[in-house]
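Here is the structure we will look at, set down as structure tokens.
The values are calculated or read from the model by the stated rules, or taken from the named source; none is laboratory data. Only a predicted model underlies this, so the values are computations on that prediction, with no experimental measurement involved. Ideal geometry is used to build each Cβ from the backbone, glycine not excepted, and the neighbour counts take in all protein chains shown. The accessibility values were calculated without ligands, DNA or RNA, using every heavy atom of the protein model including side chains. Shrake-Rupley method; radii C 1.70, N 1.55, O 1.52, S 1.80 Å.
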Amino acid sequence: MIDLKRVRTFGLIAGGTLSFVAAIGMVESFNERTLINPGITMGLLLILGIAAVFGYIVAAGKPNPLVETARDSRSGGIAGGLTGAIAGVVTSLFVLFVDTFDVSEFFPNMREPLVEAMTFELGVPVGLLVLTAVVTATAAAGGAFHGMSDSFRAGMSRALGWVVAFALFELVVSEILDFADPLVDLIYAPRGGLQPWAAVIIGALAWWLSTRYKGRGEAFTERVKDSEAGSRLRRSVILFGVAAVIILPMIVGGVVNELLITSGLFILMGLGLNIVVGLAGLLDLGYVAFFAVGAYGTAILTSPSSPAFAPGLSWWIALPIVMVLAAIAGLFVGTPVIRMRGDYLAIVTLGFGEIVRILLLSDWLTPIFGGAQGITRIPGIPVPGAGTISGTDPQLFIYFTFMFVLLAAYISYRAQNSRIGRSWAAMREDEDVAEAIGISTVQAKLLAFVTGAVIASFAGALFSAKVGTVFTNSFDVLVSIIILVVVIVGGMGSIRGVVVGALVLIGILGGPKSPGLLAEFSEFKLLIYGALLVYMMLKRPEGLLPSVRRSRELHGEDLTQDAWLDKGGDFTGDSAEEEATT
Amino acid sequence: MTSRTPVLSFKGVNTHYGAVHILKDVDIDIYAGEMVSLLGGNASGKTTTLKTILGYVKPTSGQVLLDGEDVSDWPTAERVGRGVTMVPENRRLFKRMTVKENLEIGAYLRPGEDLSSDYDRVFELFPRVKERLAQKAGTLSGGEQQMVAMGRALMARPKVLLMDEPSMGLAPVLVAQNFEIIERINKAGTTVFVVEQNANMALSIADRGYVLQTGKIVLDDTAEGLLANPQMRQAYLGEV
Ligand SMILES: Nc1ncnc2c1ncn2[C@@H]1O[C@H](COP(=O)(O)OP(=O)(O)OP(=O)(O)O)[C@@H](O)[C@H]1O
Ligand SMILES: [Mg+2]
């Protein structure tokens, strides 16, 4: 059964999406990156990816937990193909429009290069037919894929996933395999991109491994989680993780370490903000202010050329002072807003963040903070026997970042599972009742602000020592927003979530000021952040790696809404699934 | 009896919401071990009275005393620390937490103490709660929520238990059951101050009662006295 209405709707959406990514110049800039040597570029992957995903979505039908969707690759393929055809035609019309009319005055990307990119440089009539055919075929494949057997799906997705990962993360892979230069030359073409046969081998290997070791991964996770049998195993897993963290920076080069450090700073700030927003439920949009306190505090205390007052302390002595300053700043921001709730709090903190930046920039305080010139010549972190370590030494600096991330994670973990963590949870839900239970919400809120501020000051202190100069433009509101996005996408209240969120968003897509591993994204990262945020809010509000509490908070209702179906009242989620499958 | 210090008292309390005068010269005295009820129609100021006891609302004049000490300026949490706990209007459980967590957080002011006897007590009063420990509180039925709300309050081992309309939204059988339990809690030594519209029910178990009308205490007598009072019978006990 093909749902033609669904085909039409999603065909149009897919066509719109393809036209949109073309219109903003994404396809063109992605085309500069070759993934598989002759001809398969990231731009092509984008087009194919969109087509395949929409084909799959249409074939999958409307999700309904009570009815198992029929899985049939023929009708799936047809539905996908029809969707693709519509999308292809819509996109072609768009390209034709761009080719015919000159609107580049308003839409700077809608010019000749766009047409070339979308027609594979074959010119309008032929290229558009090819585009439509390619999109149709890919969407059909995506639709058919939905109906394939589980083992085929697993193998195929692993194979594609690995090939794409090897191609996208060429930089990391070739740095890790640096010791075996000939191997790198075998896998990658001299001017970038996987060699075609290397792609085939990687894909085949991934497929073979997925069938060979089917289910082993899950079984292993189960074993590790098992409290008794897993305890020794767990220890070795942790040991392995620690070893990997220690060794990784040594084998990857400067660029990757640099990215890891930036991600690390955002992990730190994410963990801090997670306490404020995720645990205590206080929406703080001016969090960057505490990062600024840490950075400027360290700069003034350590730099010999701090304008007004230059004690020239060692980083290690400056750190506790900076922490105290940040704690005071936390109290300073927290106290006046303690009685505010929700939206008001967000707006006021947003204002605070900007006030801090503007003050730092102001003529009035230029004698202290250096105004637009900022503060320069900030020394690195002195280490006995190793001189001072700064950003010019990313391979060593990364360890300091790790250390503080670990500390912040430990603080978060302890806070979360303690009495104060419970009082935050209660306050997040109902402030009045929390008070009636004896929780002093004033104290609880201030404690959240202060803890968050101190953790952000770690990031600030590291940042100063790393880059050696601080300017106000490193502290604008975008930073606050991006940290918040990291927390939301990763999973509010979840430490693992923040770590993964920061690695993916900052490390791979890029931070507010710096490109990530996939530099192609940097122009579009705000767009992607926004899209990701909307998607997450709609489909997975608990985040990528949610905390146990959050996912229960957000999803428990789904089960119990259907509880009336079960007369005994002893409803469990499993019984509904059983009914559905039989 | 009157020579003792009341555990809870209002001395000439006036409260305002903005310019609106709600409580007008209210005097209340509640002694240890008593069961007192506050009766009154909608919007008469019953909830406001409880909010004033806990400090959500500060009196514009007059005093709130706990064990004879003026606490009018204390923050809520500190008053709770003095052994006053409330079962709020509409229960207001932490809906996203489990029943167990709701009970656990009820004992927030007793960190590190062994709570097993408290759980046992709650389960003895409300056997159903024990079956629902892992369930999310927001998904409980209204009756069950009332039980958990009372359980949560009891976990604090309060000296004085304030209850805001415990019968609201419950079936008559449940209301009767509930009041029986309140009576048991009171007999076990907890002072209870219960706000009710269901005057018959409340007076059947209370020692004394106050009647509030547009913010003024208009009657103040023993339960028997109030039940026999003709004015009372007409206005609140549904007789003509
Ligand atoms: N926060 C507030 N701001 C302004 N007015 C309020 C506020 N809270 C209550 N009031 C008003 O104060 C009056 C008394 O309210 P209160 O909640 O004490 O009544 P109640 O006796 O508990 O009534 P019910 O039996 O309906 O619960 C009402 O007129 C109400 O509208
Ligand atoms: Mg009320």
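For this structure, a couple of remarks:
- Qualifying residue in region A:85-102 (condition: assigned by TED's automatic domain parsing to the domain that holds A:GLU28, more than 22 Å from A:LEU45 (Cα to Cα) and either of a type in the set (S, T, N, Q) or touching a strand residue (DSSP E or B) at 6+ places or on another chain (Cβ under 6 Å) (or both)): yes
- Residue in region A:94-113 that is surrounded by 13 or more Cβ atoms within 10 Å (Cβ to Cβ), touching a Ser or Thr at 6+ places or on another chain (Cβ under 9 Å) and assigned to a loop (DSSP other than H, G, I, E, B) present: yes
- In the set B:ALA156, B:ALA199, only one residue is buried (at least 17 other Cβ atoms within 10 Å of the Cβ), among the aliphatic types (A, V, I, L, M), in contact (Cβ under 8 Å) with a residue 24 or more places away in the chain and within 14 Å of chain A (Cβ to nearest Cβ); that residue is B:ALA156.
- The numbered conditions (1) within 16 Å of ligand 2 (Cβ to nearest atom); (2) within 13 Å of another protein chain (Cβ to nearest Cβ); (3) not in a helix (DSSP H, G or I) are all true for B:LEU161 except (1).
- Looking across region B:108-142, the residues that are of a type in the set (Gly, Ala, Ser) and not in a helix (DSSP H, G or I) come down to B:GLY112, B:ALA134, B:SER141.
- Pairs where the first residue, in region A:151-175, is among the polar types (S, T, N, Q) and the second is open to solvent by 40 Å² or more (accessible area, probe 1.4 Å), C-beta under 8 Å, 6+ apart: A:SER151/A:THR211; A:SER151/A:LYS214
- There is at least one residue in region B:129-136 that is exposed (fewer than 15 other Cβ atoms within 10 Å of the Cβ), within 12 Å of chain A (Cβ to nearest Cβ) and touching a helix residue (DSSP H, G or I) at 6+ places or on another chain (Cβ under 9 Å).
- Pair list, Cβ under 9 Å, 6 or more apart: region B:70-81 residue farther than 17 Å from A:ASP432 by Cα, other residue open to solvent by 50 Å² or more (accessible area, probe 1.4 Å) and in a helix (DSSP H, G or I): B:VAL71/B:GLU78
- Checking B:ALA156 against (1) in contact with a helix residue (DSSP H, G or I) (Cβ under 6 Å, 6 or more places away or on another chain); (2) within 23 Å of B:VAL80 (Cα to Cα); (3) more than 16 Å from ligand 2 (Cβ to nearest atom); (4) not in a loop (DSSP other than H, G, I, E, B), the condition it does not meet: (4)
- Test result for A:LEU359, open to solvent by 60 Å² or more (accessible area, probe 1.4 Å) and more than 14 Å from A:VAL450 (Cα to Cα): yes
- Region B:206-227: number of residues that are buried (at least 19 other Cβ atoms within 10 Å of the Cβ) and among the β-branched types (Val, Ile, Thr): 2
- The set of residues from region A:408-441 being polar (S, T, N, Q), surrounded by fewer than 20 Cβ atoms within 10 Å (Cβ to Cβ) and within 7 Å of chain B (Cβ to nearest Cβ) comprises just one member, A:SER440.
- Tally, over region A:242-264, of residues that are open to solvent by less than 10 Å² (accessible area, probe 1.4 Å) and either modelled with pLDDT of 90 or more or not in a helix (DSSP H, G or I) (or both): 5
- Criterion: closer than 26 Å to B:LYS51 by Cβ, open to solvent by less than 20 Å² (accessible area, probe 1.4 Å) and within 16 Å of ligand 1 (Cβ to nearest atom) - qualifying residue of B:MET86, B:MET97, B:MET163, B:MET150: B:MET163
- Helices (runs of 4 or more DSSP H) wholly inside region A:391-459 that include at least 2 residues being in contact (Cβ under 8 Å) with a residue 40 or more places away in the chain: A:394-416, A:419-429
- Scanning region B:166-180 for residues that are open to solvent by less than 20 Å² (accessible area, probe 1.4 Å) and more than 14 Å from ligand 2 (Cβ to nearest atom) yields B:VAL175, B:ASN178, B:PHE179.
- Here the condition is being of a type in the set (Val, Ile, Thr) and either in contact with a Ser or Thr (Cβ under 6 Å, 6 or more places away or on another chain) or more than 21 Å from B:LEU50 (Cα to Cα) (or both); of B:VAL194, B:VAL211, it holds for B:VAL194 alone.
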